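Input: a single structure, listed below in structure tokens.
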Amino acid sequence: MSEANTSKGSRLIRREVVWAIHQFVGYLGIPILASYGTAYVFDVLHLLGKPFPAKTMYWILSGTPYFPVQIGLGLTLGWMIGRRVPRRAMLWVWVLPLACLVYAVFAIPTLVPNWIPPAFQAGIGESRWKHYFGWGCGGLRPCFDQNAFTLPFYCAAAYSIGALLADKLEKAPPAKRKDFWIFLPAGIASLLVGLLELVRTLQQGWQPMYFGLVAMPAAIGAFLVLYAVMLNRQPSSIKRGETVQ
């Protein structure tokens, strides 16, 4: 009886841990990865002799109320991860961000009342819909409300939708060979980005604060390459959702 209870408790803990991981990826991981990824693209373009001003990068990431980079990344990650792992926890990561957004829409005029004039605060000088979903919050005003509440919901919802699409469109287990040629080039590209970041930071003068900028793409690249190699070595009988022991 105790062994059964222990097994049940272990499964419950495992489900909670898996849910927490997916929640982190959908809520915070996607915005962070989108910011780093866009910055890396701009750094690579700078090294190739095609520099762009930093304000262009900021406009791409948060200059519009639609956040296309983050939503596209959320859909892609949700679909790619959903093809390989059980998706039940992934389908509900939008609930908590939605609850936070609903609370903000009705209860928080702005996170920075000392910086934003009342004329541009939700429910005071402009509509709550415009402030949290339109062009009211952002631009020349240092307003973080959409980045704090709207963006995480969009990312989490896109992540769940991507997982749902994987469930509806993938009628058979994903082909190992196809995944191998997706993850391997992505991993090599990420490793090259890490190398280019190292070159750029050395040119500017190495500082300890640059370590994260170099280590993050290198670590992601190493993981993707290792995952591709593991996929290539899996027996063909492994089905979707199963993991290598």
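The values are calculated or read from the model by the stated rules, or taken from the named source; none is laboratory data. On a predicted model such as this, the values are computed, not experimentally measured, just so you know. Neighbour counts run over all protein chains shown; Cβ positions are idealised from the backbone, glycine included.
At-a-glance table
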quantity: Meets criteria (surrounded by 20 or more Cβ atoms within 10 Å (Cβ to Cβ), closer than 18 Å to PHE24 by Cβ and at pLDDT 85 or above) for LEU101; calculated: yes
quantity: Unique match (being on the phi > 0 side of the Ramachandran plot and either surrounded by fewer than 16 Cβ atoms within 10 Å (Cβ to Cβ) or of a type in the set (Gly, Ala, Ser) (or both)) among GLY49, GLY78; calculated: GLY49
quantity: Residue in segment 67-81 that is at pLDDT 85 or above and in contact with a Pro (Cβ under 8 Å, 6 or more places away or on another chain) present; calculated: yes
quantity: Subset tally (residues that are within 21 Å of GLY82 (Cα to Cα) and more than 12 Å from the chain's Cα centre (by Cα)) for segment 22-58; calculated: 0
